[in-house]
Every structure is written in structure tokens, then in C-alpha cells.
1. Filter segment 264-281 down to residues that are more than 13 Å from residue 342 (Cβ to Cβ) and within 13 Å of the ligand (Cβ to nearest atom), then give me how many there are.
2. Residues that are out of contact with any strand residue (DSSP E or B) (no Cβ under 9 Å at 6 or more places or on another chain) and away from the ligand (no atom under 16 Å from the Cβ): does segment 285-293 have at least one?
3. Has segment 91-100 got any residue that is of a type in the set (Lys, Arg), surrounded by fewer than 23 Cβ atoms within 10 Å (Cβ to Cβ) and modelled with pLDDT of 95 or more?
4. Might you let me know whether segment 76-97 holds any residue that is under 17 Å from the mean Cα position of the chain (by Cα) and β-branched (Val, Ile, Thr)?
5. Only one of (1) out of contact with any strand residue (DSSP E or B) (no Cβ under 7 Å at 6 or more places or on another chain); (2) surrounded by fewer than 16 Cβ atoms within 10 Å (Cβ to Cβ) fails for residue 12. Which number is that?
6. Going by the conditions given, is residue 222 within 20 Å of the chain's Cα centre (by Cα) and surrounded by 24 or more Cβ atoms within 10 Å (Cβ to Cβ)?
7. Out of all the residues in segment 236-251, is one or more surrounded by 24 or more Cβ atoms within 10 Å (Cβ to Cβ), within 23 Å of residue 336 (Cα to Cα) and within 15 Å of the ligand (Cβ to nearest atom)?
8. Just to verify a result, which residue in segment 288-311, among those that are of a type in the set (Gly, Ala, Ser) and surrounded by fewer than 22 Cβ atoms within 10 Å (Cβ to Cβ), is nearest to residue 257 (Cα to Cα)?
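The values are calculated or read from the model by the stated rules, or taken from the named source; none is laboratory data. Bear in mind the structure is a predicted one, so any value in this text is a computation, not a measurement. Here Cβ is always computed from backbone atoms with ideal geometry, including for glycine, and neighbour counts include all displayed protein chains.
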Amino acid sequence: MAKSSSELKQRKKEHIEICETDTPAFKSKTTGFEKYDFVHYALTEVALDEICFAADFFGKEINYPFMISCMTGGADEANNVNKKLAFCASELKIPLGLGSLRYALENPEYDENLLDIRQIAGGQPLIGNLGAAQIIQYQNNIAAIRRLSDLIKLDAFIIHLNPLQELMQKSGETNFKGLKPAIKNFVCEIGIPVIIKEVGAGISVRVAEELLSLGVAGIDVAGAGGTSWAGVEILRNKDNKNTEFWDWGLPTVSCLTSINAMDNRDSIKLIASGGINTAFDGAKSLALGADMFASARKILQTLQQGGVSNVISLVTGWFTSIRNIMFLTGSRTLKQFDASVLYRVKE
Ligand SMILES: Cc1cc2nc3c(=O)[nH]c(=O)nc-3n(C[C@H](O)[C@H](O)[C@H](O)COP(=O)(O)O)c2cc1C
């Protein structure tokens with residue numbers, strides 16, 4: 001195995017180990033969901049049972065407006081995690097964001113594992129994932145990425161923007177010259193919808209506007225307040241004790257509300273993520289304008305502690321609570337469940 005591939009495997013293993021704990025959480029910055037509470041509507045005329053969460057994900061019907069965020073890929077443990085998550089996605093009928101396909105691009109013998117993941121996920125949406133650095137690196141060889149996409153019949157592709165993580169990583173990528181044309185080229189060439197996400201530092205309105213002009217189909221804000229990827233890399237790098245960037249980033253709620261207010265917002269799928277670890281925060285994200293929400297570390301922790309059955313119970317439990325919240329706010333449909341069901345409790 002090439003040195004870069006073995007380093008990548010080791011890095012992914014360490015990411016999982018660190019993220020199984022709460023140590024990489026933001027220290028003092030929060031998501032912003034705590035600033036809102038629900039307006040109780042005593043005169044509800046909603047029948048609890050009529051509330052339905054079925055949603056569209058780029059042409060496929062899913063059971064809930066929720067997806068498992070991209071987590072890891074390539075290491076043996078990562079491979080196991082993705083197979084278990086594929087099982088959860090298939091049982092729940094929700095999309096699964098795969099972890100980075102970088103390892104798969106460099107190691108064709110990994111194809112078999114990808115085929116297993118597709119088989120386990122059944123017909124549920126599977127979303128490929130690569131970082132900004134690989135989108136630049138492979139801009140003249142999109143065919144290599146399309147080969148993987150065709151192999152496992154990806155439904156969409158997520159590119160993660162992670163300049164903070166790279167900056168904090170030992171030998172991380174700190175040159176993103178040419179990223180915008182590379183994204184535009186990727187969007188034109190890959191043949192499936194492209195979503196852009198951060199990894200916990202958030203997407204600003206300015207970035208969202210630029211992304212729209214590049215033709216992306218979705219934005220996952222992956223904002224601050226949940227997992228700090230500066231924190232993860234600082235924890236991995238024993239030589240770096242400088243924590244000044246640990247809490248860097250735009251809180252999830254400020255990304256979500258500002259992008260939702262954009263004139264051309266309806267032209268994209270808007271996904272809320274970054275520190276969404278409870279039903280109430282998921283519900284608030286939907287009321288604040290997200291088409292769906294997503295979660296990473298909470299899902300990983302639940303999986304590692306209690307296996308696939310606990311992940312399935314967690315997500316179904318969240319939507320039982322969200323159904324109750326909709327009932328208590330007089331919202332029959334997700335369309336009706338908008339910002340009017342919330343009030344601000346703090347500035
Ligand atoms: C163990 C682990 C591995 C991750 N690997 C990836 C990855 O390969 N690609 C990616 O786009 N995001 C990756 N992420 C970032 C998440 O998708 C997510 O954006 C981030 O953790 C913030 O969400 P959270 O607060 O719910 O954890 C990873 C997250 C975890 C916990």
C-alpha cells in the first residue's frame with residue numbers, strides 16, 4: 001500500500017477514536033438553537049396520526065427529512081462503520097452520506113467494499129464524498145470519480161470544504177487555488193446533483209451565493225457548535241497545543257437562517273447540520289427553513305455504544321418527538337411548520 005494510503009487509513013482510524021468521545025466538541029460556541037423555543041398552540045386541530053414525514057431526495061422518496069452525515073472511509077474500522085450505517089439507512093429509508101472516497105480512488109481493491117455498502121443500503125440514496133483538495137487534484141480526471149459513482153450508483157455527491165481542518169492538520173492542504181472553477185467543472189461533469197458542505201465551521205451567505213453561481217444543487221451548512229474539526233486535529237497533533245482556533249466558525253443557526261433568507265434559496269436543497277444531537281434541535285432546524293437535517297458524531301457515538309438498533313431507535317425516536325412538537329404547534333405538514341412556530345428566548 002502506498003504511504004499516503006496507509007497514512008490516510010491511520011488518520012481515519014484516529015478520527016473515529018476521537019469522535020467516539022465528547023472531547024472534540026466546541027468549547028464555548030453553541031449552535032444557536034438554544035435561543036429559540038416553540039410557541040405552544042393550545043387550539044390545535046391536528047390529528048397526530050396524519051403527520052407524515054415522507055420527503056423527496058433528488059427523485060427518491062425517503063421516510064424522514066434526515067440524513068446520516070458523511071463519516072470516514074477507507075480504514076478497516078471506517079469500512080465497518082459505513083456498512084453498519086448503510087444498514088441503518090436501509091431500515092430507516094433515509095439517505096446515507098458516505099465518508100470520503102479518497103481512499104477508494106487510490107485503491108481500486110476497495111471497490112468490493114463499496115459494492116457491499118450499496119447492496120446493504122438497497123435502493124436508499126447513497127451520496128459520495130470528497131474534499132475540496134481532491135476536487136482540484138482530480139479536475140482533469142473526473143472520469144476516475146465517475147467510475148466510482150457509476151459502480152455504486154451514487155444518487156448525489158457531496159464535496160466538503162474544510163480549510164480550517166486542513167490548516168490544523170499536520171501537513172494538511174493549505175493551497176486551494178483554482179477551487180471555484182474546479183467545483184464548476186465537477187458539477188458539469190459528474191452527472192448527479194452536487195451538494196457542498198463544511199465540516200463544522202459553517203457556510204456563510206457569501207459562500208452560498210458563490211456556490212449557487214457554480215450550479216450546486218444543495219448546501220449542507222455543517223455549522224459550528226457541534227464537532228470541532230479544529231479540535232479533532234489539535235487532539236491528533238501532539239505537537240500543537242495552540243487551541244485558539246478550536247471554536248472558529250459560524251454557528252449552525254446563523255448559517256441556516258441567513259441562507260434561508262436568500263432570494264434564490266428555493267433553487268437548492270438546504271440541509272442543516274453541525275451539532276444537531278436532539279429531536280428538539282432537529283425540529284427547530286426544520287422550522288427555521290431546512291429541507292432536512294443531518295447528524296454525524298451523535299450517530300457514530302450511538303452506533304459504537306449500542307449498535308445499529310440503537311441508531312434506528314434514536315432516529316425513529318427523534319421523529320416521534322418531532323411529530324409531537326408539530327401536533328403541539330398546530331402544524332399538520334412540514335410546510336406549515338415554519339418560523340412562526342418559534343419564538344426567541346435569548347438574544
Ligand atoms: C468520525 C467522523 C468522520 C468524518 N469524516 C468526514 C468525511 O470523510 N467527509 C465529510 O464531508 N465530513 C466528515 N465528517 C464531518 C461530518 O460530516 C460533520 O460535517 C461534522 O462532524 C459536524 O457535524 P456533527 O456536529 O453532527 O458531528 C466526519 C465526522 C465524524 C464524526
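1. Let us first name the residues in segment 264-281 that are more than 13 Å from residue 342 (Cβ to Cβ), namely 264-279.
Retained after the next criterion (residues that are within 13 Å of the ligand (Cβ to nearest atom)): 271-278.
So the count comes out to 8.
2. In the first step, residues of segment 285-293 are kept if they are out of contact with any strand residue (DSSP E or B) (no Cβ under 9 Å at 6 or more places or on another chain); the result is none.
No.
3. yes
4. Within segment 76-97, one or more residues are under 17 Å from the mean Cα position of the chain (by Cα) and β-branched (Val, Ile, Thr).
5. (2)
6. On the way: within 20 Å of the chain's Cα centre (by Cα): yes; surrounded by 24 or more Cβ atoms within 10 Å (Cβ to Cβ): yes.
Criteria met by residue 222.
7. no
8. The qualifying residue nearest to residue 257 (Cα to Cα) is 289.
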